[in-house]
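Participant: Before anything else, here's the structure in question.
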Amino acid sequence: MSLVPEVKIFGKKIYTYAQVKSTNKIAYQLAEQGAEEGVLVVAGEQTEGEGRAGHYWFSPQGGLWFSLILRPPIGFCVSRLSILGAIGIARSVKKMFSFLSPKIRWPNDAIIRGKKVGGVLCKVRSIQKRVIFVIMGIGVNINIEEFPSPLSFTTTSLKREMGHSVSSKIFQECLLEELERLYFSSQDDFSSILEEARSFSSLLGKQVKVQTGEGEFLGVVQDIDEEGGLILRLESGMQKRIGAEEGYLK
Ligand code: BTN
């Protein structure tokens, strides 16, 4: 029996704000107060948007900035969530603009023509190793025209790629539908999602430098594993696994 629900859960209840510090912070507070799975916090702009590794996330008006409350069942592998989010963005871009051929860059970036168009930041709340909730924060550059330096070299938006404005609302609906499908079907079978991650990946076979708490690793990407980890072949010939929450590309 499939676990994919027939009813729509993600975004069934939406809190919308014109401006917030960070939707992740608001969603975290709501979840602490008992808000249910699927509750969504969306903002027109963020003044203190949070990116991975403590980076500031540029989030002016014109982007899609939201945070989704998840309450995964016992045993759910939360380290897969960043990749699920990135696949969700890539699927939505492909569905709406098939010729853009979006890619994902481990563990949480959605990219178009080598530039970042969206990212995912998950915050896990657990008590004694038991996950209570996860906040999945997603940012997608929809109609942003200009990025400040040095972002301008590495970042793009759907508007820049398409040459015209894109409906944030339609993109949000498409993305929520994909995320809901991915989240529940991953509880049934992750292997086909992993295959999809591999086929969207821009990194397989490429040389990368990854920063971790243990230091910097240079190697060729061999694979992404069942838990969303990156498998590198180091220059020494040794294999190195880096967990999804343990490192970021330099
Ligand atoms: C990354 O570094 O790639 C992750 C970026 C995640 C940004 C989103 S925007 C909505 C949510 N609120 C935040 O403060 N961050 C996430």
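Since every read-out is calculated from the coordinates, none of them should be taken as a lab result. All of these numbers come straight from a predicted model, not from anything done at the bench. Quick reminder, even Gly has a Cβ in these numbers, built from the backbone with ideal geometry, and neighbours come from all protein chains shown.
Participant: What pairs from LYS13/LYS115; LYS206/LYS240; LYS94/LYS206; LYS123/LYS206; LYS13/LYS159 go past 21 Å between their alpha carbons? Can you show the working numbers first?
Facilitator: Numbers: LYS13/LYS115 32 Å; LYS206/LYS240 15 Å; LYS94/LYS206 23 Å; LYS123/LYS206 29 Å; LYS13/LYS159 28 Å.
Where the Cα-Cα span goes over 21 Å, the pairs concerned are LYS13/LYS115; LYS94/LYS206; LYS123/LYS206; LYS13/LYS159.
Participant: Let me ask you something else. For the pair GLU246 and GLU48, how long in nm is the line joining their label points, each one 7 Å along Cα→Cβ?
Facilitator: Label-label distance for GLU246 and GLU48, simple model: 3.1 nm.
Participant: Go through the stretch 56-69 residue by residue and turn each phi into a ³J(HN,Hα) via Karplus (6.51, -1.76, 1.60, θ = phi - 60°); whole Hz please, and just put x for glycine and proline.
Facilitator: So the Karplus estimates, Gly and Pro as x, are 6, 10, 5, 9, x, 4, x, x, 10, 10, 8, 9, 10, 8 Hz.
Participant: Given R₀ = 30 Å, FRET efficiency for GLN222-GLN61 by Cβ-Cβ distance, to 0.05?
Facilitator: 0.15
Participant: Write down, largest first, the equivalent ellipsoid semi-axes of the stretch 207-249 in whole Å, where each equals the square root of 5 times an eigenvalue of the alpha-carbon gyration tensor. Present the calculation step by step, with values, prior to reporting the outcome.
Facilitator: Details: eigenvalues 40, 32, 13 Å².
They are 14, 13, 8 Å, listed largest first.
Participant: Moving on. From the backbone phi of the stretch 28-38, what are the Karplus-calculated ³J(HN,Hα) couplings (6.51 cos²θ - 1.76 cosθ + 1.60, θ = phi - 60°) in whole Hz, Gly and Pro given as x?
Facilitator: 4, 5, 4, 5, 4, 8, x, 4, 7, 4, x
Participant: Another question about this same structure. Kindly write out, for the stretch 236-250 in residue order, the coupling ³J(HN,Hα) from the Karplus curve 6.51 cos²θ - 1.76 cosθ + 1.60 (θ = phi - 60°), rounded to whole Hz, with x marking Gly and Pro.
Facilitator: With coefficients 6.51, -1.76 and 1.60, one gets 6, x, 6, 9, 9, 9, 10, x, 4, 9, 9, x, 9, 6, 9 Hz.
Participant: Under a crude label model (7 Å from the Cα following the beta-carbon direction), how far is ILE170 from GLN239 in nanometres?
Facilitator: Taking the two extended label points, one gets 4.4 nm.
Participant: Quick one: grab the alpha carbon gyration tensor of the stretch 106-250, order the square roots of its eigenvalues as a ≥ b ≥ c, and give me rounded if a/c is under 1.5, else prolate or oblate depending on whether a/b is larger than b/c.
Facilitator: Oblate.
Participant: OK, next. Across 10 Å bins from the origin, how do the percents of Cα pairs in the stretch 70-140 run, short distances first?
Facilitator: 21, 44, 23, 10, 1
Participant: Another one. Which residue, ILE170, ILE127, ILE138, has the most motion in a Gaussian network model of the chain that connects Cα atoms within less than 10 Å?
Facilitator: Among ILE170, ILE127, ILE138, the largest GNM mean-square fluctuation belongs to ILE127.
Participant: Sticking with this one: Hey, with R₀ at 41 Å, roughly what FRET efficiency would LYS94 and GLN128 work out to, going by the Cβ-Cβ distance, to 0.05?
Facilitator: Values: r = 40 Å, r/R0 = 0.98.
Efficiency computed from Cβ-Cβ geometry: 0.55.
Participant: Choose one of ILE89, TYR28, PHE76: the residue whose Cα lies farthest towards the positive end of the charge dipole of the chain (beta-carbon charges +1 Lys, Arg; -1 Asp, Glu; about the Cα centre).
Facilitator: Positive-end residue among those listed: ILE89.
Participant: Hey, how much of the P(r) for the stretch 131-176 falls beyond 12 Å, as a percent of Cα pairs?
Facilitator: Roughly 68 percent, once rounded to a whole number.
Participant: While we're looking at this one, here's another question. How far, in nm, would the chain grow between GLU146 and GLN19 when pulled straight, counting 0.36 nm per residue and subtracting the alpha carbon separation?
Facilitator: Full-extension gain reported as 43.8 nm.
Participant: Could the peptides 37-44, 196-203 be put in order, highest first, of the mean number of other beta-carbon atoms found within 10 Å of their residues?
Facilitator: 37-44, 196-203
Participant: For a quick protection proxy, order the peptides 207-219, 150-162 by their average other-Cβ count within 10 Å, most packed first.
Facilitator: Put in order of decreasing packing, that is 150-162, 207-219.
Participant: With no solvent and one point per C-alpha, what does the Debye sum give as log10 I(q)/I(0) for the stretch 32-186 at q = 0.12, 0.16 Å⁻¹?
Facilitator: At q = 0.12, 0.16 Å⁻¹ the computed log10 ratios are -0.48, -0.85.
Participant: Quick one: compute the contact order of the chain, relative version, from alpha carbon pairs under 8 angstrom and 6+ residues apart, as a percent.
Facilitator: Numbers: 520 pairs, mean separation 43.3, N = 250.
Reported as a whole number, the value is 17 percent.
Participant: In nm, give the distance between the simple-model label positions of LYS8 and PHE153, each being 7 Å from the Cα along the Cα-to-Cβ direction.
Facilitator: Calculated label separation equals 4.2 nm.
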